[in-house]
Amino acid sequence: MAWAWALLIVLVVALPAAVWLRSRNLTPPREPYDGPIPKLNRADRWLYDRYQLGNLDRSRIMQAVIEGRELSEPPLREAARALAAALLAGEAGWLTRKKERICLGADLCLMTVVLVVAIVTGRDSLLAPVVIGVLPLPLAARAWKRDRQRVERAHRLNA
């Protein structure tokens, strides 16, 4: 019973005190929150640096490229085509075959390790995460392929 009281005191008193002591000496973030440019992902940053587009135009271009659609305005079409080419080349974001293989390989390795541990230890309860983790692998590979095909279609349509 004494260990329960000790645990309660640690969780109620010592943990908040440790967090407070640690947070007293933290320095402010390097970038101010009210800077002229909001925090952007790589594709948004790429569009902003090359075309100086506003938030609305950047989001329209990103959505059209990801969905594989054609834009009607010529400047936006040019930016969409260039963004699709940069995504396919891996210069402006996440759509590369190398990253696809790394993510799928890491997931497969994790499931293999869990399977080996389940077999070695004889714990059948560990097989459920393996089955649940392996089933979405083909769906993930198909989703990557579909996204790549959509970006390729956007690249062709916005030419």
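Lys98 - would you say it is within 30 Å of Ile132 (Cβ to Cβ), out of contact with any Phe, Trp or Tyr (no Cβ under 8 Å at 6 or more places or on another chain), of a type outside the set (Val, Ile, Thr) and at pLDDT below 80? Yes: the conditions hold for Lys98.
Against the conditions (1) farther than 29 Å from Ile61 by Cα; (2) under 16 Å from the mean Cα position of the chain (by Cα), Trp144 satisfies every one except (1). Here Glu67 fulfils each of the conditions (1) at positive phi; (2) in contact with a Lys or Arg (Cβ under 8 Å, 6 or more places away or on another chain) apart from (1). Taking segment 105-147 only, how many residues are of a type in the set (Ser, Thr, Tyr) and surrounded by 11 or more Cβ atoms within 10 Å (Cβ to Cβ)? So the count comes out to 1.
Taking segment 148-159 as the range and being assigned to a helix (DSSP H, G or I) and loosely packed, with under 13 Cβ neighbours inside 10 Å as the test, the residues that pass are Gln149, Arg156. Among the residues making up segment 91-104, a single one is exposed (fewer than 15 other Cβ atoms within 10 Å of the Cβ) and either in contact with a helix residue (DSSP H, G or I) (Cβ under 6 Å, 6 or more places away or on another chain) or over 16 Å from Lys145 (Cβ atoms) (or both): Glu91. Within segment 44-100, count every residue that is closer than 13 Å to Arg153 by Cα and in contact with a Ser or Thr (Cβ under 9 Å, 6 or more places away or on another chain). Count: 2. Taken across segment 76-84, residues that are without any contact (Cβ under 8 Å) to a residue 12 or more places away in the chain and either under 18 Å from Arg58 (Cα atoms) or not in a helix (DSSP H, G or I) (or both) do not occur at all.
The values are calculated or read from the model by the stated rules, or taken from the named source; none is laboratory data. The structure presented is a predicted model; accordingly, all values stated were derived computationally and were not measured. Using ideal geometry, Cβ is built from the backbone for each residue, glycine included, and neighbour counts are taken over all protein chains shown.
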